[in-house]
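Have a look at the structure below before the remarks.
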Amino acid sequence: MRYAIYFAPPADDRLSQTAARWLGRDAFTGETNELSALGSLDAATRHALTADPRRYGFHGTLKAPFTLAEDRSEAELVAAFETFADNLEPFEIPQLTLLQLGPFFALVSATHCEALQEFAAQAVQTFEPFRAPLSDVDMARRNPDKLPERQREYLRKWGYPYVFEEFQFHLTLTGPVPGETAKPMRTVLESTFADHIGKPLHVTSVALFVEPHRGAPFLVHSLLPLRGATQRKIA
């Protein structure tokens, strides 16, 4: 089993529901739905190009998937996760935009958002004691020899190369999209997520995802509200 700390909107949020319909799977319930053709994308192409994010579930990575350290238990991880959520204040990403990151498409913050960067950095650091070292196979999968020096160092130290200065928040919508399909894919995504592109995203929750066994679809173990502001107000 592997665990991951992700941002995800609540299950009943319009963005979560739109993304679940787009990907053909809801990570909260595990339910799947058949994908139809959209625009110039036929159903088979759409299904193939959303395979990767469908397995992981709609999310933004904070702490990348990790195996639990031998001296840690799931109960300890869950307790730390609850404390993490309790101590953080909700915040707003001013504007989402659709971006092609290399070969795949994602929703990202249109501008630098310091609160978002800090959110991710705290997740990386807080849950590091729960992460088992990467296996040689997992390390090799990241092709460390092809990474810049700082990303190689982060991979060795934190188990993931894209943390801190290298972090870019993204809500993944596709797997690798061939060049000839990029334009129609962008058109379909702009239409599908029109109610969210160019709008703010309220970050009010954090999620613990689980992968029951390697290669299995990820599921939401628990999703908690960020309660920091409320606690300080009560105090």
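The values are calculated or read from the model by the stated rules, or taken from the named source; none is laboratory data. Not measured: the values here are computed from a predicted model. As a convention, Cβ positions derive from the backbone with ideal geometry for all residues, glycine included, and neighbour counts pool all protein chains shown. Accessible surface is based on the protein model in full, side chains and every heavy atom, while ligands, DNA and RNA are left aside. Shrake-Rupley method; radii C 1.70, N 1.55, O 1.52, S 1.80 Å.
Which one, Phe66, Thr83, Gln151, is farthest towards the positive end of the dipole of the chain when Lys and Arg carry +1 and Asp and Glu -1 on their Cβ? Value computed over the given set: Gln151.
Please work out how much length the chain gains when fully extended from His221 to Thr97, using 0.36 nm per residue of separation minus the C-alpha to C-alpha distance, in nm with one decimal. Could the numbers behind the result be given before it?
Working: separation 124, 0.36 × 124 = 44.64 nm, distance 2.80 nm.
Once the chain is fully extended between His221 and Thr97, it gains 41.8 nm.
Dipole of the chain computed with +1 at Lys/Arg Cβ and -1 at Asp/Glu Cβ about the Cα centre; of Gly24, Phe127, Gly57, farthest Cα towards the positive end is Gly24.
Taking the Cα centre of the chain as origin and assigning +1 to Lys and Arg Cβ atoms and -1 to Asp and Glu Cβ atoms, the resulting dipole is close to 300 debye.
For Phe167, the amide hydrogen comes within under 5 Å of no other amide hydrogen, counting only partners 5 or more places away or on other chains and with H modelled in the peptide plane.
Note on Glu190/Asp12: beta-carbon distance plugged into 1/(1 + (r/R0)^6) with R0 of 30 Å gives a FRET efficiency of 0.80. Each Lys and Arg Cβ is given +1 and each Asp and Glu Cβ -1; about its Cα centre, the stretch 67-164 then shows a dipole of about 580 debye.
Dipole magnitude for the stretch 1-86: about 420 debye, using +1 per Lys or Arg Cβ and -1 per Asp or Glu Cβ, origin at the Cα centre. Note on the stretch 151-235: dipole from Cβ charges, positive end direction compared against Val206, Thr187, Ala216; the farthest Cα belongs to Val206. Potential lengthening of the chain between Glu114 and Arg142 amounts to 7.4 nm, from the contour at 0.36 nm per residue minus the alpha-carbon distance.
Accessible surface for the chain, divided over its residues, is 50 Å² per residue with a 1.4 Å probe.
Only lysine pairs 8 or more places apart, or on different chains, with alpha-carbon atoms under 23 angstrom apart are counted in the chain, and they number 4.
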